[in-house]
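K.L.:
Could you have a look at this structure, given as structure tokens, before my questions?
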Amino acid sequence: LEAILPFVMIFEKRKPQARELLIIAVLCGIAVAGRAAFFWVPQFKPVTAVVMISAVAFGGEAGFLVGAVTALVSNMFFGQGPWTPWQMFAFGIIGLVTGILFKKGVLRSNKYALAIFGGLTAFFIYGGIMNPASVMMYQDHPTAGMFLVAYGLGAPFDLVHAIATVFFLLLAAEPMLEKLERIKIKYGLIEKQSSDDF
């Protein structure tokens, strides 16, 4: 949790508009509802896709918050545990990285570019955080072998997560980003945050 607080404090420091907070809350709600709707398919969830879309639309800080809050709130349905802070951080970092890369022009809002990047982040960033976390959560004296086994066992689940992220980004990225752009223009939600602060 200590790793998450600085991002929340930076977001809070710039005094976001109430309208922006409302939209971020709605995006969190969409991500939570999406995760709940696909509860019956392990790892096949739209959360990473929604987090990335949020980051492209409103910046890395907003993306981090959507990811972190979604993990916390959705685990009220899926079950809280020592994995919750790790999931909050993993989803949050995906949002932050997406926002930074988009702001710097490295990542485009094209649905295919987002889908490819989304698949890679789901597999390598989320999986890269949660697989070793599973070892650290349950082993007092972890070894290199344990981490390798965790990565090996986690790879099929990470692959499903990556495929799901690609699928949902191809399906929803462009229509959601168009609507969010219209909302930003209508309500004057100019992106005041700077991902360069990180």
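The values are calculated or read from the model by the stated rules, or taken from the named source; none is laboratory data. Quantities reported herein were computed from a predicted structural model and do not represent experimental measurements. As a convention, Cβ positions derive from the backbone with ideal geometry for all residues, glycine included, and neighbour counts pool all protein chains shown. Ligands, DNA and RNA are excluded from the accessible area calculation, which covers all protein heavy atoms including side chains. Shrake-Rupley method; radii C 1.70, N 1.55, O 1.52, S 1.80 Å.
K.L.:
Evaluate the relative contact order of the chain (contact order divided by residue number), counting alpha-carbon pairs under 8 angstrom at least 6 apart; express in whole percent.
P.N.:
Numbers: 277 pairs, mean separation 50.3, N = 198.
Reported relative contact order: 25 percent.
K.L.:
Right, next: Between [x] 97; [y] 145; [z] 116, which entry matches volume of the Cα convex hull per residue in Å³ as derived from the coordinates of this structure?
P.N.:
The listed entry that was calculated here is [z].
K.L.:
For helix 83-103, what angle does its Cα long axis make with the longest principal axis of the chain, in degrees from 0 to 90 and rounded to 10?
P.N.:
So the helix axis and the longest Cα principal axis differ by about 40 degrees.
K.L.:
Would you be so kind as to identify which of Val160, Phe147, Leu171 lies farthest towards the positive end of the dipole of region 71-185, taking Lys and Arg as +1 and Asp and Glu as -1 on Cβ and the Cα centre as origin?
P.N.:
Leu171
K.L.:
From the phi of every residue in region 64-69, what ³J(HN,Hα) in whole Hz does the Karplus formula 6.51 cos²θ - 1.76 cosθ + 1.60 yield, where θ is phi - 60° and glycine or proline is x?
P.N.:
4, 5, 4, x, 5, 5
K.L.:
Once the other residues with Cβ under 15 Å from the Cβ of Lys45 are scored (Lys, Arg +1; Asp, Glu -1), what is the net sum?
P.N.:
0
K.L.:
Where does the charge balance sit around Phe167 when Lys and Arg score +1, Asp and Glu -1, over other residues with C-beta under 12 Å from its C-beta? The partial results should precede the final answer.
P.N.:
Values: positive: Lys45, Lys111; negative: none.
Charge balance near Phe167 sits at +2.
K.L.:
Tell me, how many Å apart are the Cα centres for region 136-163 and for region 17-43?
P.N.:
27 Å
K.L.:
Hey, another quick one. Just grab the label-to-label distance for Asp140 and Phe167, each label 7 Å out from Cα along the Cβ direction, in nm (one decimal).
P.N.:
About 4.2 nm, to one decimal.
K.L.:
While we're here: Roll a 1.4 angstrom probe over the protein heavy atoms and tell me the percent of accessible area of region 86-198 that is carbon or sulfur. Present the calculation step by step, with values, prior to reporting the outcome.
P.N.:
Values: 4230 of 6190 Å².
Of the solvent-accessible surface of region 86-198, carbon and sulfur hold 68 percent.
K.L.:
So which of Lys45/Lys104; Lys104/Lys184; Lys104/Lys186; Lys111/Lys184 end up more than 22 Å apart by C-alpha?
P.N.:
Details: Lys45/Lys104 28 Å; Lys104/Lys184 20 Å; Lys104/Lys186 25 Å; Lys111/Lys184 20 Å.
Those over the limit are Lys45/Lys104; Lys104/Lys186.
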